[in-house]
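One structure is given below, encoded as structure tokens.
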């Protein structure tokens, strides 16, 4: 363990396993928020975009992380249903009164392109969030409103571009008049992220760095991220980043749903408990009954022999906490990848799958 602790505080490990400097993007995640918000101030949407009865976002993998966070965070602000499609087919109800937002980092995701064609056929109101590719071309030729961002060194892969995705889509909804967001709320989000950076940055020693300490605790363990309510999207994102960046088994469960079945599924196989760690995202902004569930759930996990890491959010608002956990989870994914000795941007299995799909 001593060697592992020292490992995260050496320059060599970053040079070896983070050659594309993903750490730079993680440490500048608030800049994505700032850029995306400023850029979307210039968007002009047709008047009809404010008169929709539903919102559907089509996106896959890292390009769907922002929408998942947005759906959880703004559940109490949106006046129309908000659905995320992770596949080739839009819901049957999609029509001229639906806003379809096509989200793809590359702009070439085949499932999203298929949804684009359906949305066009359904005469839906369409908007695009992408870094280029086919979707950018379609937006230009079809005159669809679009936020086409330039990730540069800030986001070298989709899962690291959540700031662009989240705020890009939020900006479209705000410009359409479908949700209200104050400038001060965005500033508070970036401040919350900055506070995490102050304590979790690469140059902060492991003994004083909570993200490095959590990564050490998760090494060689099955990981279950548990969240609820406004942090449901964060639980999804953190599991995704541990999967893709650290190549480690991680999944997520949400309260209160997990209390109704999941706790009974922890007895088998033999040895499961001692090799599993739960990261529990807690918040004073949860419903009071959910807060009680957090405590009881953690107690039951521990009685079953499963380690629990309680991450107590400290944000003044739900938006602050979503930003805080996004920043913290991004650091944990980075540090766990280094501990596992894998290159942060290596997604060979995903590329192999895509190649075989094209054969």
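What follows is calculated from the coordinates using simple rules that are stated; it is not laboratory data. This is a predicted model, so every value here is computed, not measured. All Cβ positions, glycine included, derive from the backbone under ideal geometry; neighbour counts span all protein chains shown.
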Counting each DSSP H run of 4 or more residues in the chain as -39500 (n - 2.57), what helix-only mean residue ellipticity at 222 nm follows after dividing by all residues, to the nearest 500 deg cm²/dmol? -14000 deg cm²/dmol
Springs between alpha-carbon atoms under 10 Å, Gaussian network over the chain: tell me which of 48, 95, 333 tops the mean-square fluctuations. 48
Taking springs between alpha-carbon atoms closer than 10 angstrom, which of 316, 58, 348 fluctuates most in the Gaussian network model of the chain? 348
Using a 10 Å cut-off on Cβ atoms, rank the peptides 261-267, 60-66, 287-293 from the highest mean neighbour count down. 60-66, 287-293, 261-267
Relative contact order (%) - the stretch 23-181, alpha-carbon pairs under 8 angstrom, separation at least six: 33
Across the alpha-carbon set of the chain, Rg over Rh with Rh taken as the Kirkwood radius works out to 0.97
So for 343, 44, 128, 52, fewest C-beta neighbours within 10 Å to most, what's the order? 44, 343, 52, 128
Cα gyration tensor of the stretch 216-321, axes a ≥ b ≥ c as square roots of the eigenvalues: rounded (a/c below 1.5), prolate (a/b > b/c) or oblate? oblate
Please report, for the Cα atoms of the stretch 112-223, the Rg to one decimal and the Dmax as a whole number; what are they, in angstrom? 18.9, 57
In what sequence do 115, 313 fall when counting other Cβ within 10 Å, fewest first? 313, 115
GNM on the chain, C-alpha springs below 10 Å: top fluctuator among 217, 228, 23? 217
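Once a ≥ b ≥ c are taken as the square roots of the eigenvalues of the Cα gyration tensor of the stretch 46-111, is the result rounded (a/c under 1.5), prolate (a/b larger than b/c) or oblate (a/b not larger than b/c)?
Numbers: a/c = 1.81, a/b = 1.29, b/c = 1.41.
Cα axes put the stretch 46-111 in the oblate bin.
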Please work out whether the stretch 268-352 counts as rounded, prolate or oblate from its C-alpha gyration tensor, where a ≥ b ≥ c are the square roots of the eigenvalues and a/c under 1.5 means rounded, while otherwise a/b larger than b/c means prolate and anything else oblate? oblate
For the chain, what relative contact order do you get, as a whole percent, if you take Cα pairs closer than 8 Å and at least 6 residues apart? 21
